[in-house]
1. Name the single residue, out of those in segment 639-662 being in contact with an Asp or Glu (Cβ under 9 Å, 6 or more places away or on another chain) and either crowded, with 17+ Cβ neighbours inside 10 Å or of a type outside the set (F, W, Y) (or both), that is nearest to T628 (Cα to Cα).
2. Condition test on K457, is it touching a helix residue (DSSP H, G or I) at 6+ places or on another chain (Cβ under 7 Å) and either crowded, with 20+ Cβ neighbours inside 10 Å or not in a strand (DSSP E or B) (or both)?
3. With respect to the numbered conditions (1) among the charged types (D, E, K, R); (2) modelled with pLDDT under 90; (3) surrounded by 17 or more Cβ atoms within 10 Å (Cβ to Cβ), which one is the sole condition not fulfilled by D298?
4. With the structure loaded, tell me whether L429 is aliphatic (A, V, I, L, M), out of contact with any strand residue (DSSP E or B) (no Cβ under 8 Å at 6 or more places or on another chain) and either within 16 Å of ligand 1 (Cβ to nearest atom) or modelled with pLDDT under 95 (or both) or whether it fails that test.
5. So which pairs qualify, if the first residue must be in segment 247-261 and free of Cβ contacts under 8 Å to residues at least 40 places away in the same chain and under 18 Å from D309 (Cα atoms), the second must be assigned to a helix (DSSP H, G or I) and of a type in the set (K, R), the Cβ gap must be under 9 Å, and the two must be at least 6 apart or on different chains?
6. Please work out if V42 is in contact with a helix residue (DSSP H, G or I) (Cβ under 7 Å, 6 or more places away or on another chain), closer than 21 Å to L169 by Cβ, near ligand 1 (Cβ under 10 Å from one of its atoms) and not in a helix (DSSP H, G or I).
7. Considering only residues that are in a helix (DSSP H, G or I), more than 14 Å from ligand 2 (Cβ to nearest atom) and without any contact (Cβ under 8 Å) to a residue 24 or more places away in the chain, which ones fall in segment 348-404?
8. Would you confirm whether or not segment 333-347 contains a residue that is away from ligand 2 (no atom under 14 Å from the Cβ), under 24 Å from S149 (Cα atoms) and in contact (Cβ under 8 Å) with a residue 60 or more places away in the chain?
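The values are calculated or read from the model by the stated rules, or taken from the named source; none is laboratory data. None of the values given here were measured: they were computed from a predicted structure. Cβ sites come from the backbone with ideal geometry, for glycine too, and all protein chains shown count toward neighbours.
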Amino acid sequence: MMLVEEKDALKLKLKEVFGYGHFRGNQETIIRNLLDGRNTFVIMPTGAGKSLCYQLPALLLDGLAVVISPLIALMKNQVDQLNAYGVNARFLNSTLSKGEITRLRKDALAGAVKLLYVAPESLTKEENIEFLKKVNVSFVAIDEAHCISEWGHDFRPEYRRIKSMIQQLGDLPIMALTATATPKVQIDIQKNLQMEDADVFISSFNRKNLYYEVRPKKETKKQLIKFLRDNKGKSGIVYCLSRKKVEEIASLISVNGFKAAPYHAGLDPDVREKNQDAFLNEEIDIIVATIAFGMGIDKPDVRFVVHYDVPKSLEGYYQETGRSGRDGLEGHCLMFYSHNDLNKLEKFNKDKSVQERENARILLQEMEFYAESPVCRRRQLLHYFGEEFTEDNCGMCDNCVHPRERFDGTEYVKMVLQAVKQTNERFGLNHLVNVIRGIEDEYVKSYAHFDLEIFGKGGNEDADFWKSVIRQTLIYQYLEKDIENIGALKLSKKGIAFLKKPHAIELARDHDFTTDLEDEEVSSERAPVNAKAYDDKLFEMLKTLRKKIAKERNLPPYVIFQDPSLEEMATTYPTTKEDLAQVNGVGMGKVNKFGKEFLETIQKYVEDNDIETATEVVVKSSVNKSKTKIFIIQQIDKKVDLEEIAEMANLSFEELLTEIENISYSGTKLNLNYYIDQVLDPNKLDDIHDYFMNAETDSLEAALNDDTLADYTEEEIRLARLAFMSEYAH
Ligand code: ADP
Ligand code: ZN
């Protein structure tokens, strides 16, 4: 029985050092287990509080605890935090100078250090082992222990040597910790550390407040902007696979009016840190990042995580989505999926060894199954990590909220189980599919599986159908993975019982992502309004309104909004200022100046006619173009002469004018007077001004053909028109 004082001692220390009043989850049991000298294996989702499981015992035990951790950057963080608590923690890795190492050794030998964080590669150095042998080590903790396993997603070869290193320090208790381990990886870790006897503590991986959703990667930019607009003001992360994509998407998001910044390993460290801080301090809402971002980041109110590209593994996906909703409130996890992404990822692995390639392929296949499956996402994720989730409807994933059509799968499941049984539970998915469908490939021939009773019984359905049925049979636990024989499927108890006495099972068909071609590039560049797709009635109403306002203000109607803008409004029905500002030819300036009545008219129209709005999202696009535009705007702000700007931007003067016209037309006010006053006689300017004030249209051609302007050059007319527009239209 536990002594009262002892129990209090743990809690007292928790309060005294860390300031916490209670243990979380099973922390206390875990800590006690280690204090009893037992090998301990901790599997706990990110953010649940793993570190405390070794930090607290390190303080309670005599001597120094060695913590092996793969990430040098995080080591310093952890040590800084502990030092702030008044704990003497230090680290030993390749960043230390000779002098620092000497000092560290001296302090450790004097018994002053309680925790020592060590990188695995430092541990393999003979001199460090010799030093540690002389120190009184209390136990060894191995953080991120999944790095040991080549079946995992983050294999680090030096981790496989840890056991032989620490053995030299004597027979010490070991604590292994990880936030991600499939059953296969768990066994691998225990074997490699020779701690099969360890007590294993698995915390539930279910994150009840996270909503999981997978969408086809189709018109992705548009979908993304719409999603961000629906989540305006909330904090979120958008993950992309490459640095280039990160840059591209970060600008896209910024151009569309959100506060966002990029984060990836290719950025200058200062910039990276600045962007990260801006995100943590809520100066920006959205960080667009490669997976380099997020480790060690503890921002509690991240409301969404978007995977713009498909992640490399379900482990990675779970970790990354896990960064949302840490405060227990809503977290929306949206992944854009395309098969093409998987092929791209597979190509990245082409230089790896055969074995590594094969492992990576298996991880990708799990990703594929997850995305395409009709089964509850939560159930699939938890199943992947070896946890059972049996609720019929989690209510917090796309497959549960919008269930796919179901069919009676009883006979199909029966056939799958028979195929597994008749092939002696030694084969994986692809072979089983071939057997069921009656495909005589090399394997079928060499095992003479064409002789089996089940052979060819399911020839009417295609391979994808059978793969899906087998996956569902596995996830509903009629089958289980054979941990010793990777890829092979065995009958579970439930499966054996089913074969004896079948009962009705409903299945659903996979999502079909094959027709979802990745046409995102095309779609976002495409003009948002196709000819005559607009609502005639609304268009006429908007024109009437425009006439009225023009009259009131004594301006030509086109200065208010041009026809294409009205057409677009009659197509997309913007009802908020933000939505209206997205219309081509309309910027926030115009919205504030003329927008109110237009919004009211559209709003009323939408209500009267029960129109579903915001279905069509207009994405302001073209990152490269916008870079030039931004440059031009900046230079004009600095009152640089246009000739000079043209030269710097590598444009002809005419091209520059076109760019400036586009900028002005899309709603940005430019003050060009500094330049125009130099090059254009005030009288000329007035003439052109008068012309435009009375013209029906701002067309250049019409102006050039007008007799009153016969003496003016095209360039003069264009410049004066710009001055006119910026005076009245913005
Ligand atoms: P993990 O390593 O599992 O991702 P951490 O060890 O970094 O998680 O802990 C996550 C957060 O939870 C940290 O801010 C930590 O201070 C806090 N925490 C850990 N244990 C407790 C506890 N018993 N009470 C309150 N907060 C805790
Ligand atoms: Zn669900």
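1. Initial filter on segment 639-662 (in contact with an Asp or Glu (Cβ under 9 Å, 6 or more places away or on another chain)): 646, 649, 651, 653-654, 656-657.
After this cut, where a residue has to be either crowded, with 17+ Cβ neighbours inside 10 Å or of a type outside the set (F, W, Y) (or both) as well, the list is 646, 649, 651, 654, 656-657.
Details: A646: 11, A649: 7, L651: 10, E654: 15, L656: 10, L657: 13 Å.
Going through the qualifying residues, I end up with A649.
2. Criteria met by K457.
3. In the conditions (1) among the charged types (D, E, K, R); (2) modelled with pLDDT under 90; (3) surrounded by 17 or more Cβ atoms within 10 Å (Cβ to Cβ), D298 misses (3) alone.
4. So L429 fails the test.
5. Going by the 9 Å Cβ cut-off, the qualifying pairs are A261/K274.
6. Values: in contact with a helix residue (DSSP H, G or I) (Cβ under 7 Å, 6 or more places away or on another chain): yes; closer than 21 Å to L169 by Cβ: yes; near ligand 1 (Cβ under 10 Å from one of its atoms): yes; not in a helix (DSSP H, G or I): yes.
So V42 fits the description; yes.
7. F348, N349, K350, D351, V354, R357, E358, R361, Q365
8. At the first step, the residues of segment 333-347 found to be away from ligand 2 (no atom under 14 Å from the Cβ) are 334-347.
From what's left, under 24 Å from S149 (Cα atoms): 342, 345-347.
So of that shortlist, the ones also in contact (Cβ under 8 Å) with a residue 60 or more places away in the chain come out as 345.
Within segment 333-347, one or more residues are away from ligand 2 (no atom under 14 Å from the Cβ), under 24 Å from S149 (Cα atoms) and in contact (Cβ under 8 Å) with a residue 60 or more places away in the chain.
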